[in-house]
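**Student:** The following block contains the structure, expressed as C-alpha cells.
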Amino acid sequence: LAGFTSLSEKLGPQGTRDVLNPYLEMMSSTLHRHRALINKFMGDGVFAFFNPPILPCPNHEAAACDAALACQQSLKELIQKYSRTPLAESFKQLSMRIGIATGQVFVGDYGSENKLDYTCMGDTVNLAARLESVNKQFATQIMIDGATKHAAGDNYVYRKLGLIQVKGQTRSIPVFELLGWKDQVSPENLSYATVFSD
C-alpha cells in the first residue's frame, strides 16, 4: 500500500487494524482465486508466489498478471464497500503498488529448528520486491519484468518503460507497466502506451 505508514499514524492502532484487515482479507481471497500461494504478510504488503511444487500453476506468468489486475479491481470494490462508513475517507486513500518478476527460485522450508517457513528465495524474489518499490519513481501501479511480459503473452496491454538496473543486480533489465487486459483498456490508454513506447 502506498503511503500507508502516514495513514496508520493518523488512524492509530485500532483504526489501522480496522482498515488493514479487510484489505488483507480481500487481497488474500483474490490471490487464492488465481492460484497464488500467499507466503506472508509484511506489514501492509503481501508476498505471494506462483507455481510451487505443492501448488502447480500452468501459465503462471499470466496467472500472476491476472491476479495483479484482479487485486487492483478488488481494491476499488473494497473502497466502494466502505464508502458509507465512518472509515470511508481512510479507505479512499488506499493505493496499491505491485511488482512481478519471473525466473527460477529455491522453494522449500527455510528457517531454524524452532521455526520453519515454506517460502521461495533467490534473485527473482528480490527483483519483484525492487520492482514494487520502483513503481514510486515511475508513478505506475503494476511493474513487471521482460521475462514476465514475454511469457504472459498478448492478452494484455503493456507500456514499455525502458531498462533499469535495480539495487543488488549487475545487469539492466527491460521493465513494463501492466495496464490491463487487452479488451478492457480504453483506446486513449492504448494509444498513449504506443506513443510512449515509440
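The values are calculated or read from the model by the stated rules, or taken from the named source; none is laboratory data. Computed from a predicted structure; not experimentally measured. Reconstructed Cβ throughout: ideal geometry from the backbone, glycine too, with neighbour counts over all protein chains shown. With ligands, DNA and RNA removed, areas are computed over all heavy atoms of the protein, side chains included. Shrake-Rupley method; radii C 1.70, N 1.55, O 1.52, S 1.80 Å.
**Student:** For the range 134-148, give me each residue that is in contact (Cβ under 8 Å) with a residue 12 or more places away in the chain and in a helix (DSSP H, G or I). Write out each step before concluding.
**Tutor:** Looking only at the range 134-148, we keep the residues that are in contact (Cβ under 8 Å) with a residue 12 or more places away in the chain, and these are 134-136, 138, 140-148.
Once the filter is applied, which keeps residues that are in contact (Cβ under 8 Å) with a residue 12 or more places away in the chain and in a helix (DSSP H, G or I), the range 134-148 yields 134, 135, 136, 138, 146, 147, 148.
**Student:** Residue 140 - would you say it is out of contact with any helix residue (DSSP H, G or I) (no Cβ under 8 Å at 6 or more places or on another chain), open to solvent by less than 20 Å² (accessible area, probe 1.4 Å) and under 17 Å from residue 163 (Cβ atoms)?
**Tutor:** So residue 140 passes the test.
**Student:** Within the range 109-120, which residues are over 23 Å from residue 59 (Cβ atoms) and either surrounded by 13 or more Cβ atoms within 10 Å (Cβ to Cβ) or touching a residue at least 24 places away in the same chain (Cβ under 8 Å) (or both)?
**Tutor:** At the first step, the residues of the range 109-120 found to be over 23 Å from residue 59 (Cβ atoms) are 109-117.
The answer is 110, 117.
**Student:** Now a separate question. In this structure, is residue 163 loosely packed, with under 15 Cβ neighbours inside 10 Å and aliphatic (A, V, I, L, M)? Walk me through how you get there before you give the answer.
**Tutor:** Working: loosely packed, with under 15 Cβ neighbours inside 10 Å: yes; aliphatic (A, V, I, L, M): yes.
Yes.
**Student:** Could you pull out the residue among 173, 79, 98 that is touching a helix residue (DSSP H, G or I) at 6+ places or on another chain (Cβ under 7 Å), at pLDDT below 95 and of a type in the set (Val, Ile, Thr)? Talk me through it step by step, then tell me what you get.
**Tutor:** Details: 79 fails: at pLDDT below 95; 98 fails: at pLDDT below 95.
Checking each option against the conditions leaves just 173.
**Student:** Would it be correct to say that residue 131 is farther than 18 Å from residue 25 by Cα, in a helix (DSSP H, G or I) and touching a strand residue (DSSP E or B) at 6+ places or on another chain (Cβ under 6 Å)?
**Tutor:** Details: farther than 18 Å from residue 25 by Cα: yes; in a helix (DSSP H, G or I): yes; touching a strand residue (DSSP E or B) at 6+ places or on another chain (Cβ under 6 Å): yes.
In short, yes.
**Student:** I need the full set of residues from the range 160-198 which are of a type in the set (A, V, I, L, M), within 20 Å of residue 132 (Cβ to Cβ) and not in a strand (DSSP E or B), in order please.
**Tutor:** 166, the sole residue that qualifies.
**Student:** Give the range 112-128 a look and list any residue that's in a strand (DSSP E or B) and over 18 Å from the mean Cα position of the chain (by Cα), or say none.
**Tutor:** First pass over the range 112-128, keeping only residues in a strand (DSSP E or B): 116-121.
Once the filter is applied, which keeps residues that are in a strand (DSSP E or B) and over 18 Å from the mean Cα position of the chain (by Cα), the range 112-128 yields 116, 117, 118.
**Student:** For residue 146, work out the one condition from (1) open to solvent by 30 Å² or more (accessible area, probe 1.4 Å); (2) under 21 Å from residue 36 (Cα atoms); (3) of a type outside the set (D, E, K, R) it doesn't fulfil.
**Tutor:** Checking residue 146 against (1) open to solvent by 30 Å² or more (accessible area, probe 1.4 Å); (2) under 21 Å from residue 36 (Cα atoms); (3) of a type outside the set (D, E, K, R), the one that fails is (1).
**Student:** Just for helices (runs of 4 or more DSSP H) wholly inside the range 1-102: which have at least 2 residues that are free of Cβ contacts under 8 Å to residues at least 40 places away in the same chain and surrounded by 13 or more Cβ atoms within 10 Å (Cβ to Cβ)? Spell out the reasoning first.
**Tutor:** On the way: elements: 4-33, 60-81, 88-92.
Ranges flagged: 4-33, 60-81.
**Student:** Can you tell me which residues in the range 149-159 are assigned to a strand (DSSP E or B) and open to solvent by 30 Å² or more (accessible area, probe 1.4 Å)?
**Tutor:** Narrowing the range 149-159 to residues assigned to a strand (DSSP E or B): 156-159.
Across the range 149-159, the qualifying residue is only 158.
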